[in-house]
Amino acid sequence: MFVGEAPGADEDKQGRPFVGRAGKLLTKLIEEAGHKREEFYIANVNKCRPPGNRTPTLEEQEACFPFLEKQIEIINPKVICLLGAAAARAFLRRNVAITKERGQKIMWKGKILILTYHPAYVLRNPNAQPILFNDIKMAIETAYDND
Ligand code: URA
């Protein structure tokens, strides 16, 4: 499972997560890792976009989190790859320095969290793309690993 921050304008319009530019990059990296987007459940912490496209507040994240927890309960993923600091903050309930903490596996309620950059960040900082790719690949390998 992949979890992002909140829908952007394209996602709000279509009612589907990661269908805009960031989503296209996510799809491309999943495919470059040898997989298909359809293999994975993709969701967001926040279910609608805060005004002016700002980052959701902690309060807004907490208001939406029960809906995401229900999705996690139904999907029951082994691995949850958290895209960006905002998604990581919602799970860990603290501010996350994503550059320092990405690439690690963190246990959370019996699931493996893997923190990485948000694809929108990588669109602005193309040098970070190989790092996002490696983290996504590691998340997928961990999900399919039988041990
Ligand atoms: N950014 C997100 O965090 N989620 C989306 O669905 C699209 C862009």
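Bear in mind these aren't lab numbers, they're just calculated from the coordinates by the rules spelled out. Only a predicted model underlies this, so the values are computations on that prediction, with no experimental measurement involved. In this analysis, Cβ positions are derived from the backbone assuming ideal geometry, glycine residues included, and neighbour counts consider all displayed protein chains.
Using modelled amide H (1.01 Å from N, peptide plane; none on Pro or chain starts), what sits under 5 Å from the amide H of residue 108, excluding residues fewer than 5 places away?
113
Under 8 Å for C-alpha pairs, at least 6 residues apart: give me the relative contact order for the stretch 10-132, rounded to a whole percent. Display every interim value, and only then the final one.
Working: 124 pairs, mean separation 24.7, N = 123.
Worked out over the stretch 10-132, it gives 20 percent.
Go ahead and set up a Gaussian network model of the chain, Cα springs under 10 Å, then flag whichever of 137, 13, 47 fluctuates most.
Top of the fluctuation ranking is 13.
Give the aspartates and glutamates whose C-alpha is closer than 13 Å to that of residue 36, dropping any in the same chain fewer than 8 places away, or say none.
none
Can you tell me the dipole magnitude for the chain around its Cα centre, using point charges on the Cβ only (Lys, Arg +1; Asp, Glu -1), in Debye to the nearest 20?
Details: 22 positive and 18 negative charges, 60 e Å.
Roughly 300 debye for the chain.
Could you give each residue of the stretch 105-112 its phi-based ³J(HN,Hα) in whole Hz, using Karplus coefficients 6.51, -1.76, 1.60 with θ = phi - 60°, and x for Gly or Pro?
9, 10, 6, 8, 6, x, 10, 9
Rounded to the nearest whole Å³, what is the per residue volume of the convex hull around the Cα atoms of the stretch 32-147? Write out the running numbers ahead of the final one.
Working: hull volume 13.7 nm³, N = 116.
Dividing the Cα hull volume of the stretch 32-147 by its residues yields 118 Å³.
Select from 90, 120, 43 the residue whose mean-square fluctuation is largest in a Gaussian network model of the chain (Cα-Cα springs shorter than 10 Å).
Looking only at 90, 120, 43, the biggest GNM fluctuation is shown by 120.
Count the net charge of all other residues whose Cβ sits under 10 Å from the Cβ of residue 133, scoring Lys and Arg as +1 and Asp and Glu as -1.
Working: positive: 28, 137; negative: 32, 135.
Around residue 133, the charge tally is 0.
If Lys and Arg each add +1 and Asp and Glu each add -1, what is the summed charge of the other residues whose beta carbon sits under 14 Å from the beta carbon of residue 11?
Values: positive: 13, 16, 21, 24, 47, 49; negative: 5, 10, 12.
It works out to a net charge of +3.
Taking every pair of distinct Cα atoms and averaging 1/r, then inverting, what Kirkwood hydrodynamic radius in Å comes out for the stretch 92-141? Before the final figure, lay out each step's value.
Numbers: mean 1/r = 0.0864 Å⁻¹.
That comes to 11.6 Å for the stretch 92-141.
Could you work out the equivalent-ellipsoid semi-axes for the stretch 10-72, taking the square root of 5 times each eigenvalue of the Cα gyration tensor, largest first, in whole Å?
So the three semi-axes of the stretch 10-72 are 24, 15, 10 Å.
If you build a Gaussian network model of the chain, linking Cα atoms that sit under 10 Å apart, which residue out of 66, 119, 77 swings the most?
Among 66, 119, 77, the largest GNM mean-square fluctuation belongs to 66.
Which value in deg cm²/dmol, rounded to the nearest 500, describes the helix-derived mean residue ellipticity at 222 nm for the chain, given -39,500 (n - 2.57) per DSSP H run of n ≥ 4 and division by the residue count? Each step should come with its number before you reach the end.
Values: 7 runs with 70 residues, N = 147.
The per-residue figure over the chain is -14000 deg cm²/dmol.
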